[in-house]
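The values are calculated or read from the model by the stated rules, or taken from the named source; none is laboratory data. Just so you know, these numbers come straight off a predicted model, no measurement behind them. Every residue, glycine among them, receives a Cβ derived from its backbone with ideal geometry; neighbour counts consider all protein chains shown. For accessibility, only protein heavy atoms count, side chains too; no ligands or nucleic acids. Shrake-Rupley method; radii C 1.70, N 1.55, O 1.52, S 1.80 Å.
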Amino acid sequence: MHYATTDAAFGPVTNSEISYAQQLVGSAPENSLTLFDRGFMSAELFSSWQGGGENTHWLTPIKSKFRYDILESYSDYDHLIEMPISPQAQAQYPHLGKTWKARLVLIPSPKGEIKGFITSCLCPEKYALKELVDVYWQRWEIERGYGELKQYQLVNKPLLRSLKSDGIYQELWGILTSYNIIRLEMAEIAKQHKVEPLRISFVNALYLIQDEFIWSDTGAPGAIPKALKELRDNGKRLILPEKRKRKPYPRAVLKKATKYPSRSRDKNATRS
């Protein structure tokens, strides 16, 4: 597994995120599972996504106010459900009907709260509950990819220089393309040294590839393949130690430190 941008859609803020997601229908590879944020809850989007290719499934967290009827229960926390479609969506997309189906997986938290997700992976024999939950917990990994792009590749300066829309599109595609170049080269280094791509340091790979670009600009074009081979051969120093498995802990808010000293009262003290 490694992070890479397979496709993207963006534009003016006057358009909704769901409309941009609609532009990506059909871009997901076959036999894939796409994780959506809870803000993308849309029967029409998910129906189109699932029909965009063979076994192109989706998964999204549920909202707090979530209406559904249980059609079949596979376990206490695993159900086949039916959800209503809003009258507005029915008028705009008549082919949807009045309801749509999904698989609901509920996850109890240590504090007793019930969270979970819905997915198009309906068959419990083909799509095991544990595997779906493991994928659900990996959804935060994408934030690490965003952090690498903004914090290291853009040096915490995600500002676009162009003042024209065409130039902005060009800059954004350039940023995503260069990010993919780094990620694909990391995958080649990992393959050569027989480790997982996520074991390769993004920061060190970024700096190393940047140096190679500077050298290639002044060197002979015929020497680039040799330099690329040396880069991959020396990639062993980019390998990170294996990630330690830690016990899961519930999220907690740290107590904010006060700048004033605290004074405790003596319960037995009396006023004079």
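Structure values in brief
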| item | result |
| --- | --- |
| Cα-based Kirkwood hydrodynamic radius, the chain, one decimal, Å | 23.0 |
| Probe 1.4 Å, protein heavy atoms only - accessible area per residue of the chain in square angstrom | 73 |
| Dipole-positive endmost among Gln151, Phe213, Ala102 within the chain (Cβ charges, Cα centre) | Gln151 |
| Fraction in percent of alpha-carbon pairs per bin - 5 Å, the stretch 45-177 | 2, 8, 14, 15, 15, 11, 11, 11, 8, 4, 1, 0 |
| Rounded, prolate or oblate (a/c below 1.5 giving rounded, otherwise prolate when a/b exceeds b/c) for the stretch 1-109 by Cα gyration tensor | oblate |
| Relative packing of peptides 233-241, 18-26 - highest average C-beta neighbours within 10 Å first | 18-26, 233-241 |
| Ellipsoid equivalent to the stretch 56-102 - semi-axes via the Cα gyration tensor, in Å | 22, 12, 12 |
| Selected from Ile70, Ile182, Ile224 as most flexible by GNM, with the chain as the system and alpha-carbon contacts under 10 Å | Ile224 |
| Full-stretch length increase - Glu196, Lys130 - with 0.36 nm per residue and alpha-carbon distance subtracted | 21.5 nm |
| Distance in nm between pseudo-label sites at Lys259 and Ser162 (7 Å out along the Cβ direction from Cα) | 4.5 |
| Formal net charge of residues neighbouring Gln210 (Cβ-Cβ distance under 13 Å; K, R +1; D, E -1) | -4 |
| Net +/- balance of residues flanking Lys226 in space, Cβ distance below 15 Å, scoring K and R +1, D and E -1 | -1 |
| Amide hydrogen neighbours beyond the local backbone of Asn55, cut-off 5 Å, H modeled | Asn31 |
| Net length gained if the chain between Asp217 and Val13 were fully extended (0.36 nm per residue, minus Cα distance) | 69.7 nm |
| Net dipole in debye of the stretch 1-116 [+1 Lys, Arg Cβ; -1 Asp, Glu Cβ; about Cα centre; nearest 20] | 400 |
| Within the chain, helix-based [θ] at 222 nm, where runs of 4 or more DSSP H residues each add -39,500 (n - 2.57), nearest 500 | -10500 deg cm²/dmol |
| Relative contact order of the chain, pairs being alpha-carbon contacts under 8 Å that are 6 or more residues apart, as % | 13 |
